[in-house]
Amino acid sequence: MSVDDPLPKGYIPHIGETRQYWRDIILGVNDGLVSIFLLVVGVVSGGLDRGEVLLTAVAGAIAGAVSMAAGEYLATKSQDEVLDAELTLERTHIRQFRQLEVRQLRGFFSDMGVREEHMDGMMAAFEDNDEALLNAMASLEFGVVDSERRSPYRAMIASGVLFLAGSIPSIAPFVFIDSVAVGLGVATTFALIGLFIVGVVKAHVAKTSKVRSGLENLVVAGVGGLLAWGIGLVFGAAVT
């Protein structure tokens, strides 16, 4: 069967090139939904008026998006730099201590369950192929597969933009609704719907229970909302 042949009936394909960015996608939008919702709940319970709530929420959304984007960029770039340094050292090891690296690779295959009677035939493919040996060691020793490496720029954009997107349900009601209480009710409804949807999408990708994942998100946000409301009440009373 070639790669161009149609997939057989019932075959479920992998996610593909977006797989390594799902962490950024879910974390970004979920963090935006939860963080700004809890911020809004806290400042509303603290007694802020509509304009103050809106200003606080917008400032929080911008600060959160910038922080998420910068953090993901620096973390991903640093991880790439560390991996590149490890691969450079691995090339040196292969050049200077080739037999040791071959023995290590043999040990990795043994740990994976390759039977000893098949080992020599498998190892023959790496005996005189430095690039194949490097790629195998990169994958098995460092967990580095080129197709799974993340771009710092894509990770940055995904995290920052989706954090902003996640903040919209908690901000938008206060743009159009004068009553703080009504605005909070609408924001709560929108945020919880968004969190449930994110849980369902996450479960769809991970092929787990959609309802359980959605409810899990709601429980986390609900508990956080109650804490934020209580903290807002305490601090609101303390400063007035």
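The values are calculated or read from the model by the stated rules, or taken from the named source; none is laboratory data. This is a predicted model, so every value here is computed, not measured. In this analysis, Cβ positions are derived from the backbone assuming ideal geometry, glycine residues included, and neighbour counts consider all displayed protein chains.
This table checks each residue for (1) more than 15 Å from the chain's Cα centre (by Cα); (2) under 15 Å from SER35 (Cα atoms); (3) outside any helix (DSSP H, G or I).
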{"residue": "GLY194", "(1), (2), (3)": "yes, yes, no"}
{"residue": "LYS202", "(1), (2), (3)": "no, no, no"}
{"residue": "VAL211", "(1), (2), (3)": "yes, no, no"}
{"residue": "LEU215", "(1), (2), (3)": "yes, no, no"}
{"residue": "VAL220", "(1), (2), (3)": "yes, yes, no"}
{"residue": "LEU226", "(1), (2), (3)": "yes, yes, no"}
{"residue": "TRP229", "(1), (2), (3)": "yes, yes, no"}
{"residue": "GLY232", "(1), (2), (3)": "yes, yes, no"}
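Within the stretch 39-61, the set of residues being surrounded by fewer than 17 Cβ atoms within 10 Å (Cβ to Cβ), touching a residue at least 12 places away in the same chain (Cβ under 8 Å) and not charged (D, E, K, R) comprises GLY47, VAL58. Only one entry in ALA125, ALA138 is over 30 Å from ALA70 (Cα atoms) and among the hydrophobic types (A, V, I, L, M, F, W, C), namely ALA125. The set of residues from the stretch 99-121 being within 22 Å of GLY143 (Cβ to Cβ) and either exposed (fewer than 13 other Cβ atoms within 10 Å of the Cβ) or basic (Lys, Arg) (or both) comprises LEU100, ARG103, ARG106, GLY107, SER110, ASP111, MET112, GLY113. Put simply, of ALA136, ALA155, ALA132 the only residue that is within 30 Å of ARG91 (Cα to Cα), under 15 Å from the mean Cα position of the chain (by Cα) and among the aliphatic types (A, V, I, L, M) is ALA155. Which residue is nearest to THR76 (Cα to Cα), if the candidates are limited to the stretch 156-170 and must be hydrophobic (A, V, I, L, M, F, W, C) and surrounded by 24 or more Cβ atoms within 10 Å (Cβ to Cβ)? Result: ALA158.
In the stretch 127-147 there is no residue matching the filter, namely being within 30 Å of LEU55 (Cβ to Cβ) and either without any contact (Cβ under 8 Å) to a residue 40 or more places away in the chain or surrounded by 18 or more Cβ atoms within 10 Å (Cβ to Cβ) (or both).
The set of residues in the stretch 190-209 that are surrounded by 14 or more Cβ atoms within 10 Å (Cβ to Cβ), at pLDDT 80 or above and over 26 Å from GLU52 (Cα atoms) comprises PHE196, ILE197, VAL198, GLY199, VAL200, VAL201. The condition of being of a type outside the set (S, T, N, Q) and surrounded by fewer than 14 Cβ atoms within 10 Å (Cβ to Cβ) holds for only one of ALA187, ALA181, that being ALA181.
Among the candidates ALA75, ALA70, the residue that is over 19 Å from GLU141 (Cα atoms) and at pLDDT 90 or above is uniquely ALA70. Within the stretch 152-172, residues that are charged (D, E, K, R) reach partners that are assigned to a helix (DSSP H, G or I) and buried (at least 21 other Cβ atoms within 10 Å of the Cβ) with beta carbons closer than 8 Å, at six or more positions or on different chains, in the pairs ARG154/ASP24.
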